[in-house]
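Student: Below is the structure I would like to discuss, written out as structure tokens.
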Amino acid sequence: MSTQTMKEGTTSSATITCDGTSVTLPVVRGSEGETGIVIEQLRAKTGMITLDPGFGNSGACRSAITFIDGEKGILRYRGYPIEELAEKSSFLEVSWLLLFGELPTRAQLDGFTAEITRHTLLHENLRRFFDALPTDAHPMPVCAAAVAALATFYQDPETDQTQHDAVIRLLAKMPTLAAYSYKHSTGQPFIYPKNRLDYSSNFLNMMFATPAEDYAVDPVLARAVELLLILHADHEQNCSTSTVRVVGSSRANLFASVSAGISALWGPLHGGANQQVIEMLEHIEAEGGDAQKFVDRAKDKKDNSRLMGFGHRVYKNYDPRAAILKKSCNEVLAKLGIRSRKLEIAMQLEGIALKDDYFISHKLYPNVDFYSGIIYQALGVPVNMFTVMFAIGRMPGWIAQWLEMRKDPETRIARPRQIYTGATNRAYLPIEKRG
Ligand code: CMC
């Protein structure tokens, strides 16, 4: 097969030739210069499909939400660099930006904050839903189940208003669900949300207050949570976001779609990696702290170990979120007066890996999960809640992508094709004649 683009420089179409059949297909160019061959007509015109396991070369949609340049280590939400948003914004401000495309005015942000604050409570029946689950349940499937269960409480037919209400409810209730899933695992009573607290402080309070003891929210911790949520807020067409879009493309409602996204995020190659990183660091610490030995294992193809928190499908350079988190890790730990052996090991691992031929040639750099767990631990967040923190942060991104998908006239139900490799037509054998 040969592919050539016409009109070099100003690519407008591409010709694909296979077995003597040629087809000319349009080429689209995004606002940052990314180009894609539109293959919608490929099968109709040639009978052929494309095969792209893991979708590494397939664009599934046009999107105006998040831009990543993985070669240069650039991440922008709606055009704004992540570094600036991380430094200057609040999580709800970033949520508004992702959902509506612009930074909010003061009045818009105040109105949005008030609306979110009003919807943080869970229906009491939903609160009792947690009792049905085992106390040692991992909080990720608990959250996925609870978010799916929200669909049973809000069943009105989809209109602009009910869609808006669902957006607000999901953003508002996710920290409550997350904190409840933690309280459930500890056997402690649930702590209701408090309207006087901001988004992150409210979450910390629901996590760490008890009926016996108030919890004074440390502003350093609340700001660290805000930062973590902002850095996780969106990341274009990753595994969980694609899941949300795929499920939503069948016109499943927002709660059902996001619940599926939470399940996708749980996997150790995706959001579950932050838990794996801490477990890896604990393992290295327990074995005497030999970072070099672990790097050698991660390179050994006969050993299943990977350097967790390293590598990324899109970033072939330092993940900008990891750079921000590394700095924040040092600052937060210094402010809290914590000396972390795990941070020391993480920095050793990074130092060794970044000079190692294997990691250099494979373009493997720290990703967002490499340093986030160390901050979560400093905040007192238990290890099995790390990925739930990621899910709270990713909520506005999932919702923005779902809304964009729903409004996009190009959206069709997601339904990939396959290259069939199984048996060809064969005669049915009666059971007595088999083997
Ligand atoms: N340690 C050692 N080798 C690695 C690693 C790693 N962390 N990541 C990739 N490689 C190697 C891999 O063995 C393969 O080598 P070769 O070509 O010689 O066979 C090559 O690099 C390409 O790997 P891949 O698995 O084909 O790459 P991918 O784009 O499919 O996977 C990834 C991306 C993130 C799943 C992978 O890098 C990985 O497993 N990293 C560790 C898990 C992790 O940190 N995940 C969090 C990702 S960031 C948060 C998020 O968005 O979810």
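None of the figures in this text is laboratory data; all of them are computed from the coordinates on show. Everything numeric in this text was worked out from a predicted model, so none of it was measured. All Cβ positions, even for glycine, are placed from backbone atoms using ideal geometry, and neighbour counts span all protein chains on display.
Student: Show me 407-416, 119-128, 274-283 ranked by packing, highest mean number of other Cβ atoms within 10 Å first.
Tutor: Descending packing order for the listed peptides: 274-283, 119-128, 407-416.
Student: Taking the Cα atoms only, what angle lies between the long axis of helix 368-379 and the longest principal axis of the chain, rounded to 10 degrees?
Tutor: 10
Student: While we're on this one: Build a GNM of the chain with springs between Cα atoms under 10 Å: which of A60, A145, A400 gets the top mean-square fluctuation?
Tutor: A60
Student: Still on this structure, please answer the following. Using a Gaussian network for the chain with springs between C-alpha atoms less than 10 Å apart, which of these wobbles most: L403, L51, L97?
Tutor: Of L403, L51, L97, the most mobile in the Gaussian network model is L51.
Student: Right, here's the next one. Helix-derived [θ] at 222 nm for the chain: sum -39500 (n - 2.57) over DSSP H runs of at least 4, divide by residue count, nearest 500?
Tutor: Computed ellipticity for the chain at 222 nm equals -16000 deg cm²/dmol.
Student: Also, I was wondering about something else. How would T35, T424, T66 line up from fewest to most surrounding beta-carbon atoms within 10 angstrom?
Tutor: T424, T35, T66
Student: If the elastic network links every pair of Cα atoms under 10 Å, which of I375, I284, I392 fluctuates the most in the Gaussian network model of the chain?
Tutor: With Cα springs under 10 Å in the chain, the top fluctuation among I375, I284, I392 is at I284.
Student: Taking Cα pairs under 8 Å and at least six residues apart, what relative contact order does the chain come out at, in percent? The partial results should precede the final answer.
Tutor: Details: 587 pairs, mean separation 79.2, N = 435.
Contact order relative to length: 18 percent.
Student: Still on this model: Listed here are the pairs K316/K342; K326/K355; K88/K326; K173/K326; K293/K355; which of them are more than 20 Å apart at the Cα?
Tutor: Working: K316/K342 25 Å; K326/K355 18 Å; K88/K326 18 Å; K173/K326 29 Å; K293/K355 15 Å.
The pairs that break the limit, which is 20 Å between Cα atoms, are K316/K342; K173/K326.
Student: In degrees between 0 and 90, to the nearest 10, how far off the longest principal axis of the chain does helix 219-232 point, with axes built from Cα atoms?
Tutor: So the helix axis and the longest Cα principal axis differ by about 10 degrees.
Student: Between rounded, prolate and oblate, where does the stretch 183-308 land on the alpha carbon gyration tensor, with a ≥ b ≥ c its root eigenvalues, rounded for a/c under 1.5, else prolate if a/b exceeds b/c?
Tutor: oblate
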